[in-house]
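Below: one structure, written as structure tokens.
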Amino acid sequence: MIAKIEKKEIGCIARFERHLEHSVEEVWSWLTENEKLAQWFNELQVGELREGGFMRFDMPDGTVEELEITELKKHAVFEFSWWVDSVRFELAIESNGCKLVLIERIEKITDHTPKDLAGWHVCLDVIVALMDGRTIARMEEWKKWFEEYKQVIGEVTQS
């Protein structure tokens, strides 16, 4: 399911939602344990898992960026800066598993925005697939969702 994109006075908010047949504890582990995190986002790792701690992002050129963890509530909320933007994961128990919500606050919409949105979309799909014991063709999926998000962002910026 495509993210809901809401235009704001400055930038936009993207909200991705997934309903998973897995416990919040299991999903939390895929967001916060480096061994699992590396399977769906190998450039990103937890540095210090606490509010005021940081995520570490390994840039393609070999430099490392530290992204501050701005909110952390175990098994419920995990938010960190994404340079000038922010990424927030929210987990909630449901009768048959849990709901996973990813909210990205985007300060400035650019040509790169649809690429990032397609990337987060595929990351969530990869997490689900890994938990279900499946794999997905990441690049094929990314290309498909990139086209979708180009269109959606085009509509958002026109409104």
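The values are calculated or read from the model by the stated rules, or taken from the named source; none is laboratory data. Keep in mind that what you see is a predicted model, and the values were worked out from it rather than measured. Cβ: placed from backbone, ideal geometry, glycine included. Neighbour counts: every protein chain shown. For the accessible areas, the whole protein counts, side chains as well, though only heavy atoms, and no ligand, DNA or RNA atoms are used. Shrake-Rupley method; radii C 1.70, N 1.55, O 1.52, S 1.80 Å.
Laid out as a table, the results:
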read-out: Residue within the stretch 47-64 that is closer than 26 Å to Ile136 by Cβ and touching a Cys at 6+ places or on another chain (Cβ under 7 Å) present; value: no
read-out: Residue among Asn34, Asn42 that alone is without any contact (Cβ under 8 Å) to a residue 24 or more places away in the chain and either farther than 29 Å from Ile109 by Cα or touching a helix residue (DSSP H, G or I) at 6+ places or on another chain (Cβ under 9 Å) (or both); value: Asn34
read-out: Out of Gly47, Gly52, sole residue that is at positive phi and either outside any helix (DSSP H, G or I) or modelled with pLDDT under 95 (or both); value: Gly52
read-out: Residue in the stretch 103-111 that is over 14 Å from the mean Cα position of the chain (by Cα) and assigned to a strand (DSSP E or B) present; value: no
read-out: Hits in the stretch 85-113 - residues which are under 28 Å from His22 (Cβ atoms), open to solvent by 20 Å² or more (accessible area, probe 1.4 Å), among the charged types (D, E, K, R) and in contact with a strand residue (DSSP E or B) (Cβ under 6 Å, 6 or more places away or on another chain); value: Asp85, Arg88, Glu90, Lys99, Arg105
read-out: Meets criteria (open to solvent by less than 30 Å² (accessible area, probe 1.4 Å), farther than 20 Å from Trp83 by Cβ and either touching a helix residue (DSSP H, G or I) at 6+ places or on another chain (Cβ under 9 Å) or among the acidic types (Asp, Glu) (or both)) for Gly119; value: no
read-out: Top-ranked residue of the stretch 130-154 - restricted to ones that are of a type in the set (D, E, K, R) and under 14 Å from Ile2 (Cα atoms), ranked as least open to solvent (accessible area, probe 1.4 Å); value: Glu141
read-out: Criterion: open to solvent by 50 Å² or more (accessible area, probe 1.4 Å) and touching a Ser or Thr at 6+ places or on another chain (Cβ under 7 Å) - qualifying residue of Lys74, Lys36; value: Lys36
read-out: Leading residue by the ranking (nearest to Ile103 (Cα to Cα)) among those in the stretch 48-83 that are touching a residue at least 12 places away in the same chain (Cβ under 8 Å) and acidic (Asp, Glu); value: Glu71
read-out: Residues located in the stretch 11-25, provided they are surrounded by 14 or more Cβ atoms within 10 Å (Cβ to Cβ) and part of a helix (DSSP H, G or I); value: Val24
read-out: Among the residues listed as Val156, Val126, Val122, the single one being part of a helix (DSSP H, G or I), in contact with a Lys or Arg (Cβ under 9 Å, 6 or more places away or on another chain) and free of Cβ contacts under 8 Å to residues at least 24 places away in the same chain; value: Val122
